[in-house]
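Peer 1: Here it is: the structure, laid out below.
The values are calculated or read from the model by the stated rules, or taken from the named source; none is laboratory data. Please read these numbers as outputs of a predicted model, since none were measured by experiment. Positions of Cβ are generated from backbone atoms using ideal geometry, with glycine treated the same way; all protein chains shown enter the neighbour counts.
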Amino acid sequence: MVTRERLSIELSERTVVGRKVRSLRRTGVVPVHYYGQGIEPMTLQVEGATLRKIVAQAGANIPVAVSVEGTTESNICFIREVQRHPVTDTLLHVDFMRVDVTEKVTAEVPVVLVGEANAVRELGGVLIQPFQTLPVEALPLDMPETIEVDISSLNEFGDAVRMRDIAVQADITILRDEDDLLVTVQEPRIEEEPEIEEELLEGEEGVEGEEGAEGDGADAESNEG
């Protein structure tokens, strides 16, 4: 089981619904939805600053102990939907989904690269990382915060780390094919210098030579006359 500090949040009852929640948000309070196994769906609310901190720390893969004001019981939840203002990025609404800690769930876990690739440092290669997150299946309290991918073995262009190279706990499953590419290093593209200017200069020299030759001929004819 993963050992870490448990995140927690207390939600309070909400009577304001519908379009009136705009006035609620103006006071710094954010509406939330609390639902899941073993509980009746509830429309609740919480202070915006507290919610922003939890959303930033938990993401979509770290469990949160959620309680409701006036009760002593808390339940393990995952954040499942986060709505933000398209311009200001302000939190508008958040869903907390209760889960059974004895049943496996699926969540997107961030990929973190560790180490240094010689093919990048010494050869100037370009690091390619197709996936920023990976779908992981695990018990809620065993869900990893991140999946670490060591790139120190990437010494030459074309070297790669694939799914089969990642070691995780026996009770954690990454839901991707073992041949899927996680990270590789490609040779940098070198753009050829344009030859237009050189060709143009060569062309101009030819024109000048021709003009000179024609001029000499005309002068000769004039002198003969």
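Peer 1: Looking only at segment 96-142, count how many residues are in contact with an Asp or Glu (Cβ under 7 Å, 6 or more places away or on another chain), small (G, A, S) and without any contact (Cβ under 8 Å) to a residue 60 or more places away in the chain.
Peer 2: The total comes to 2.
Peer 1: Looking at D179, D171, which one is part of a loop (DSSP other than H, G, I, E, B) and either of a type in the set (V, I, T) or within 23 Å of the chain's Cα centre (by Cα) (or both)?
Peer 2: None of the others qualify; the one that does is D179.
Peer 1: I need a count of the residues in segment 147-158 that are of a type outside the set (F, W, Y) and in a loop (DSSP other than H, G, I, E, B).
Peer 2: 7
Peer 1: For I62, indicate whether it is in a loop (DSSP other than H, G, I, E, B), of a type outside the set (K, R) and on the phi < 0 side of the Ramachandran plot.
Peer 2: Criteria met by I62.
Peer 1: Looking at (1) more than 26 Å from the chain's Cα centre (by Cα); (2) modelled with pLDDT of 95 or more, which one does R19 not meet, given that it meets all the others?
Peer 2: (2)
Peer 1: State which residue pairs qualify: first residue over 11 Å from L91 (Cα atoms) and inside segment 44-56, second residue in a helix (DSSP H, G or I) in any location, beta carbons under 8 Å apart, and separation of 6 or more residues or different chains.
Peer 2: Q45/L24
Peer 1: Considering segment 21-38 alone, what residues qualify as being surrounded by 16 or more Cβ atoms within 10 Å (Cβ to Cβ) and either not assigned by TED's automatic domain parsing to the domain that holds V55 or not in a strand (DSSP E or B) (or both)?
Peer 2: V21, L24, R25
Peer 1: Kindly provide the set of residues from segment 5-20 that are of a type in the set (A, V, I, L, M, F, W, C), surrounded by 15 or more Cβ atoms within 10 Å (Cβ to Cβ) and in a loop (DSSP other than H, G, I, E, B), ordered by number.
Peer 2: V16
Peer 1: Right, next: Pick from segment 154-175 the residues that are under 16 Å from V112 (Cβ atoms) and touching a strand residue (DSSP E or B) at 6+ places or on another chain (Cβ under 7 Å): which of them is surrounded by the fewest Cβ atoms within 10 Å (Cβ to Cβ)?
Peer 2: Top of the filtered list is V168.
Peer 1: If you take the residues in segment 107-131 that are over 18 Å from the mean Cα position of the chain (by Cα) and not aliphatic (A, V, I, L, M), which one is nearest to M42 (Cα to Cα)?
Peer 2: Here the answer is G115.
Peer 1: Right, something else. Within the group V161, V136, V82, which residue is in the same structural domain as V46 (by TED's automatic domain parsing), at pLDDT 95 or above and not in a helix (DSSP H, G or I)?
Peer 2: Matching residue, one of V161, V136, V82: V82.
Peer 1: Quick one: in segment 53-99, which of the residues that are of a type in the set (A, V, I, L, M) and more than 21 Å from E13 (Cα to Cα) is surrounded by the most Cβ atoms within 10 Å (Cβ to Cβ)?
Peer 2: I62
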